[in-house]
């Protein structure tokens, strides 16, 4: 397990061994800052370079409505959230578990609690107190922060060291380092610094990069003009979404373009891949998960009298508003006269999705530096001395604390990898 260093625990001899080495970290999000922590507390001179005017901008925005730091579920279930990259991510998480993350936050004076859903939050809910204390501790350990410094893709080896060019307000600056950690994020929320420009640069350097795709994203649906006008912004609560083997209860929001929200994000990777393969994805909604189909049939078959169908749906099964609107949108008119068929649709309404929302709108991105291009310490095989961490690697996870936990853990893994690299250097 990676030791959770405190300054008092690091011996003078360790400082002396590495104090002549300097490391450049490109990107000041959770992964980059975690790498900086591991290295600076081992006596290495660390410079963190970020293109934005302040650090951790995406981290702060993600925690604006409550920083979901990690999740409290059992470890085996936790690591299952990383899909086909479970094995790779598990190596990071075994060295820095969700419990380690909570302990680390406590070391910054930030206590956490477990919500009713099992998600873990800081007591104050916000990201800013944690980031503020973290940056203070890093600065005290000697980390040098350089803002408005954007890497332009240039990297070369000179005399056994790495040389990089950064665009700054004063012009091009060249920096030299014994190793570099790239923690540039994925391709979502470009306005906060994650613009994905590095994909082209690393491809040119011979690094295999899986194209970036939206993850934890919304989708477009071909709403009718009437539905779009009437229900834009309406939440759909207490429904079950089914897609293939995925089945989960929750809620989401109707937008002018389609759908978004936590339940949609949970199934987004599966539905995105289906759209990429076949041009569309059809999710099925159970609009009345508290009632069986037989119960619905019984209630709907009650005499309607002079009531309209809209009134009958509301009075018998409580179907109104946007849920009733969805039925009107996707159930053929003739089926409204057949209560058995109507009950069937209420329990499994097909809703076709025609496209993902743009990458820049997504909460996170899939794709990135392929693990085949990395060694076990997250160093690029094509660029010795250059390490990668965080969302720029080819993995994805749902919301719920899984994204942040793996970003933190990968940063620590990259930092530890740099230390091993320095130990081998003459």
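When residue 115 is tested against (1) closer than 19 Å to residue 413 by Cβ; (2) in contact with a strand residue (DSSP E or B) (Cβ under 7 Å, 6 or more places away or on another chain), just one condition goes unmet, and that condition is (1). Going by what's in this entry, would residue 130 be described as under 12 Å from residue 63 (Cβ atoms) and in the same structural domain as residue 29 (by TED's automatic domain parsing)? Here the answer is yes, as residue 130 does meet what is asked.
The set of residues in segment 305-322 being assigned to a helix (DSSP H, G or I) and more than 16 Å from residue 341 (Cβ to Cβ) consists of 310, 311, 314, 315, 321, 322.
Contact annotation: residue pairs with Cβ atoms under 7 Å, 6 or more positions apart or on different chains, pairing a residue in segment 53-72 that is at positive phi and assigned by TED's automatic domain parsing to the domain that holds residue 112 with a partner that is buried (at least 21 other Cβ atoms within 10 Å of the Cβ) and modelled with pLDDT of 90 or more, are 56/28; 56/29; 56/131. Residue 332 satisfies every condition listed in (1) under 26 Å from residue 286 (Cβ atoms); (2) over 41 Å from the mean Cα position of the chain (by Cα); (3) surrounded by fewer than 14 Cβ atoms within 10 Å (Cβ to Cβ) except (2). Taken together, the residues in segment 259-304 that are surrounded by 19 or more Cβ atoms within 10 Å (Cβ to Cβ), in a loop (DSSP other than H, G, I, E, B) and touching a helix residue (DSSP H, G or I) at 6+ places or on another chain (Cβ under 6 Å) amount to 2. In summary, residue 230 fulfils each of the numbered conditions (1) surrounded by 13 or more Cβ atoms within 10 Å (Cβ to Cβ); (2) assigned to a loop (DSSP other than H, G, I, E, B); (3) assigned by TED's automatic domain parsing to the domain that holds residue 323 with the single exception of condition (2).
For (1) touching a residue at least 24 places away in the same chain (Cβ under 8 Å); (2) out of contact with any helix residue (DSSP H, G or I) (no Cβ under 7 Å at 6 or more places or on another chain); (3) closer than 20 Å to residue 32 by Cα, each residue gets a yes or a no:
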residue: 46; (1), (2), (3): yes, no, yes
residue: 87; (1), (2), (3): no, yes, no
residue: 93; (1), (2), (3): yes, no, yes
residue: 96; (1), (2), (3): yes, no, yes
residue: 107; (1), (2), (3): yes, yes, yes
residue: 112; (1), (2), (3): yes, no, no
residue: 124; (1), (2), (3): no, yes, no
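Among the residues here, residue 327 does not qualify as in contact with a helix residue (DSSP H, G or I) (Cβ under 8 Å, 6 or more places away or on another chain), touching a residue at least 24 places away in the same chain (Cβ under 8 Å) and in a strand (DSSP E or B).
Taken residue by residue, segment 26-39 has no member that is more than 28 Å from residue 152 (Cα to Cα) and either at pLDDT below 90 or not in a loop (DSSP other than H, G, I, E, B) (or both). Inside segment 108-120, residues that are within 21 Å of residue 137 (Cα to Cα) and either surrounded by 14 or more Cβ atoms within 10 Å (Cβ to Cβ) or under 18 Å from the mean Cα position of the chain (by Cα) (or both) make up a count of 3. Do the conditions hold for residue 372, that is, is it in contact (Cβ under 8 Å) with a residue 24 or more places away in the chain, out of contact with any strand residue (DSSP E or B) (no Cβ under 8 Å at 6 or more places or on another chain), assigned by TED's automatic domain parsing to the domain that holds residue 239 and not in a loop (DSSP other than H, G, I, E, B)? No: the conditions fail for residue 372. Considering (1) surrounded by fewer than 24 Cβ atoms within 10 Å (Cβ to Cβ); (2) touching a helix residue (DSSP H, G or I) at 6+ places or on another chain (Cβ under 7 Å); (3) under 18 Å from residue 129 (Cα atoms), the lone condition that residue 70 does not fulfil carries the number (1).
Name the single residue, out of those in segment 187-218 being part of a helix (DSSP H, G or I) and modelled with pLDDT under 90, that is surrounded by the fewest Cβ atoms within 10 Å (Cβ to Cβ).
191
Filtering segment 116-146 to residues that are under 17 Å from residue 181 (Cβ atoms) and outside any helix (DSSP H, G or I) leaves 141, 142, 143, 144, 145, 146.
The values are calculated or read from the model by the stated rules, or taken from the named source; none is laboratory data. Predicted model only: the values in this text are computed from it and were never measured. Using ideal geometry, Cβ is built from the backbone for each residue, glycine included, and neighbour counts are taken over all protein chains shown.
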